[in-house]
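Okay, so here's the structure we're looking at.
The values are calculated or read from the model by the stated rules, or taken from the named source; none is laboratory data. What you see is a predicted model; the values in this text were computed from it and never measured. Here the Cβ positions follow ideal geometry from the backbone for every residue, glycine too, while neighbour counts run over all protein chains shown. The accessibility values were calculated without ligands, DNA or RNA, using every heavy atom of the protein model including side chains. Shrake-Rupley method; radii C 1.70, N 1.55, O 1.52, S 1.80 Å.
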Amino acid sequence: MLTLHTAALLRRDPDGEPVPEHAVLISGDRIEAVGPLAELSSAYAGARVRRWPGTLGPGLLHDRPLPPAPTPRERVHALLRSGVTAVLAEHLADPALRAAAERSDLLVLATAVAPTLRPARRADLAVHGVDGACLVTVVAGRIAHRRA
């Protein structure tokens, strides 16, 4: 199933300038296309459209120890609530924590890699509101967190 994610603004990479009226097309766990909403809507008329408030961009990389919480699952969920979709392996030495991260489909990286929204890459994205709060986190093409 194809899903078109769009927001008021889209940022392709963490340091890039956000652009209006753009979208990300996802098929399964991969990004199929990134571009103007009108073009993608026309080319993929059957795609489900998810419109989000705020700025849509790549999921974040967490490059420090995970936040404290009572359980490994809650520690991972704290990351998802902030828009994180990838974590460095060095911070997952505890087998229970690593298992929780893998069950959540967080991308576990050996070294830091800047997240970007590019075709053929894994569909990891996040939407942040004007106040900086994460509204939605998409991990490998599925919504893993949605702010109520």
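Here is how the numbers come out for the structure above:
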read-out	value
Degrees between helix 72-81 axis and first principal axis of the chain (Cα, 0 to 90, nearest 10)	30
The range 1-121 - percent of accessible surface contributed by carbon and sulfur, probe 1.4 Å	54
For the chain: Kirkwood Rh in Å [reciprocal of mean 1/r, alpha carbons]	15.4
Probe 1.4 Å, protein heavy atoms only - accessible area per residue of the chain in square angstrom	51
About the Cα centre, charge dipole magnitude for the range 27-135 (Lys/Arg +1, Asp/Glu -1 at Cβ), debye	200
Using θ = phi - 60° and Karplus 6.51 cos²θ - 1.76 cosθ + 1.60, couplings along the range 110-121 (whole Hz; Gly, Pro as x)	6, 9, 5, 10, 5, x, 9, 9, 9, x, 6, 7
Label-point gap, in nm, between ALA110 and VAL19 - each point 7 angstrom along Cα→Cβ	3.4
